[in-house]
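Participant: Sharing a structure below in structure tokens format, with a few things to ask.
The values are calculated or read from the model by the stated rules, or taken from the named source; none is laboratory data. Remember, predicted model here, so these are calculated numbers, not experimental data. Every residue, glycine among them, receives a Cβ derived from its backbone with ideal geometry; neighbour counts consider all protein chains shown.
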Amino acid sequence: MGVNEVDVVVIGAGQGGLSAAYFLRRFGLSFVVLDAAQSAGGAWQFRSPSLTMRKVHGIFDLPGYRFTRSPDDESLPAAEVVPAYFAAYEEQNALDVRRPVEVTSVEDLPDGRLLVSAGEATWVARAIVNATGTWSRPYWPFYPGMGEFRGEQLHSAAYRGPSAYAGKNVIVVGGGNSATHVLSEVADVAASATWVTRREPVFVTTEFTEDYGRMVIARVEERVRNGLPPQSVVSVTGLGYTEVVREALANGSLHRLPMFARLTASGAVWADGSFRPVDVVIWATGFRAALSHLGPLRLREPGGGIRMDGTRAALDERIHLVGYGPSASTVGANRAGRAAARELAELLERERSAA
């Protein structure tokens, strides 16, 4: 296959990638969007069918195309409604999205450009917008006894609704929105549903205003400016009283216990010696940024993260990360897509002027 040349390769077609593509076009840059999924929708297409639009808390507007929700949508799975919106957005804006294309590496070329490899296909670009998100890298912590436990263990990314857990003793691990979603459903059918977290969850009633949003972003951004892996947004905001949280409170499933000390073949043991029988452990323990394909560029700092200046990797102004750290939200991703496109347009113009 021949080499394809563009100004910018956008890796990932979720909220951040589509936003970046929209603004790259407005700034007059040539680009291609490479997406590993089979169809449009970013991570939304992989969410549990039980997560209906009524339970979704967030803003999904992509730039230049309003997301409208009708009353009929409220009972439909978000995994259907949001991907349909993304697909319509790609079509309306005639975005050049190639799929399924999984990028395996991004490397430097002697002439200062970047080689983007995806199997036998390659692209040569002057810059990269990485928008691969986190969904493909679910995080599994290690706890003693995990290998000994004879029941079922799954990450919340693989959760597809409560019916599989009817009559079972379930433990849900994690203090974020995924955990509360699972608990709000499983508790109604399981023999028992136990919620465990490392830290006491914090429930907040703070209204998510623009000022509050800026504070949250600033706190997450501080870590990535120092080259540390980003924190989850919920670790800064706490748990809001969303529809899902209200349901979980109503069915009594948000009675939290401290993290167990170990798993055994048939259950969990706490530090005080207490034991509970367990059939299923659902690890709602979050995700890590999917960045292994950027490894050849050596962007990681000793702290384990990529040091950022806005959306730009501090060590390489050709590389912008959208959906990493402070832009890992629907609103943040839109702003980051615009900022990345603007900075890259300025960078490439300077390069052209100097040539």
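Participant: May I ask you to say which residue of GLY12, GLY28, GLY64, GLY42 is on the phi > 0 side of the Ramachandran plot and in contact with a Pro (Cβ under 8 Å, 6 or more places away or on another chain)? Give the steps one after another, and end with the answer.
Facilitator: On the way: GLY12 fails: in contact with a Pro (Cβ under 8 Å, 6 or more places away or on another chain); GLY28 fails: in contact with a Pro (Cβ under 8 Å, 6 or more places away or on another chain); GLY64 fails: in contact with a Pro (Cβ under 8 Å, 6 or more places away or on another chain).
The match here is GLY42.
Participant: Which is assigned to a strand (DSSP E or B), in contact with a Leu (Cβ under 6 Å, 6 or more places away or on another chain) and not hydroxyl-bearing (Ser, Thr, Tyr), of VAL8, VAL32?
Facilitator: After ruling out the rest, the residue left standing is VAL8.
Participant: Turning to a different aspect of this structure: Could you list, in sequence order, the residues of the stretch 174-213 that are of a type in the set (A, V, I, L, M, F, W, C), closer than 20 Å to ASN251 by Cα and modelled with pLDDT under 90? Can you show your working first?
Facilitator: Our first condition is that a residue be of a type in the set (A, V, I, L, M, F, W, C); within the stretch 174-213, this holds for 179, 182-183, 186-187, 189-191, 193, 195-196, 202-204, 208.
With closer than 20 Å to ASN251 by Cα added as a condition, the list becomes 179, 182-183, 186-187, 189-191, 193, 195-196, 202-204.
Of everything in the stretch 174-213, those that are of a type in the set (A, V, I, L, M, F, W, C), closer than 20 Å to ASN251 by Cα and modelled with pLDDT under 90 turn out to be VAL202, PHE203, VAL204.
Participant: Exactly one condition in (1) assigned to a strand (DSSP E or B); (2) buried (at least 18 other Cβ atoms within 10 Å of the Cβ); (3) among the β-branched types (Val, Ile, Thr) is not met by THR134; state its number.
Facilitator: It is condition (1) that THR134 fails.
Participant: Give me a count of the residues in the stretch 35-52 that are outside any helix (DSSP H, G or I) and surrounded by fewer than 16 Cβ atoms within 10 Å (Cβ to Cβ).
Facilitator: Going residue by residue through the stretch 35-52, those that are outside any helix (DSSP H, G or I) are 35-41, 47-52.
Now drop any that are not surrounded by fewer than 16 Cβ atoms within 10 Å (Cβ to Cβ), which leaves 38-39, 49.
Going through the stretch 35-52 one residue at a time, the tally reaches 3.
Participant: Pick out, from the stretch 245-325, the strands (runs of 3 or more DSSP E) lying fully within it that include 2 or more residues that are surrounded by 15 or more Cβ atoms within 10 Å (Cβ to Cβ) and in contact with a strand residue (DSSP E or B) (Cβ under 9 Å, 6 or more places away or on another chain). Working first, answer last.
Facilitator: Details: elements: 256-258, 267-269, 275-277, 280-283, 316-321.
So the answer is 267-269, 280-283, 316-321.
Participant: Let me ask another. Pick from LEU291, LEU315, LEU321: which is more than 23 Å from SER19 (Cβ to Cβ) and either hydrophobic (A, V, I, L, M, F, W, C) or outside the structural domain of ILE11 (by TED's automatic domain parsing) (or both)?
Facilitator: Details: LEU291 fails: more than 23 Å from SER19 (Cβ to Cβ); LEU321 fails: more than 23 Å from SER19 (Cβ to Cβ).
Going through LEU291, LEU315, LEU321 in turn, just one is more than 23 Å from SER19 (Cβ to Cβ) and either hydrophobic (A, V, I, L, M, F, W, C) or outside the structural domain of ILE11 (by TED's automatic domain parsing) (or both): LEU315.
Participant: Go through the stretch 28-60 and report how many residues are modelled with pLDDT under 90 and either more than 23 Å from HIS181 (Cα to Cα) or touching a strand residue (DSSP E or B) at 6+ places or on another chain (Cβ under 9 Å) (or both). Even if it seems obvious, please write down each step before you answer.
Facilitator: Initial filter on the stretch 28-60 (modelled with pLDDT under 90): 54-60.
Okay, now just the ones that are also either more than 23 Å from HIS181 (Cα to Cα) or touching a strand residue (DSSP E or B) at 6+ places or on another chain (Cβ under 9 Å) (or both), so 57.
Within the stretch 28-60, residues that are modelled with pLDDT under 90 and either more than 23 Å from HIS181 (Cα to Cα) or touching a strand residue (DSSP E or B) at 6+ places or on another chain (Cβ under 9 Å) (or both) number 1.
Participant: Next question. Please count how many residues of the stretch 62-107 are part of a helix (DSSP H, G or I) and out of contact with any strand residue (DSSP E or B) (no Cβ under 8 Å at 6 or more places or on another chain). Walk me through how you get there before you give the answer.
Facilitator: Restricting attention to the stretch 62-107, the residues satisfying the condition of being part of a helix (DSSP H, G or I) are 71-75, 78-92.
Now drop any that are not out of contact with any strand residue (DSSP E or B) (no Cβ under 8 Å at 6 or more places or on another chain), which leaves 71-73, 79-84, 87, 91.
Matching residues across the stretch 62-107 total 11.
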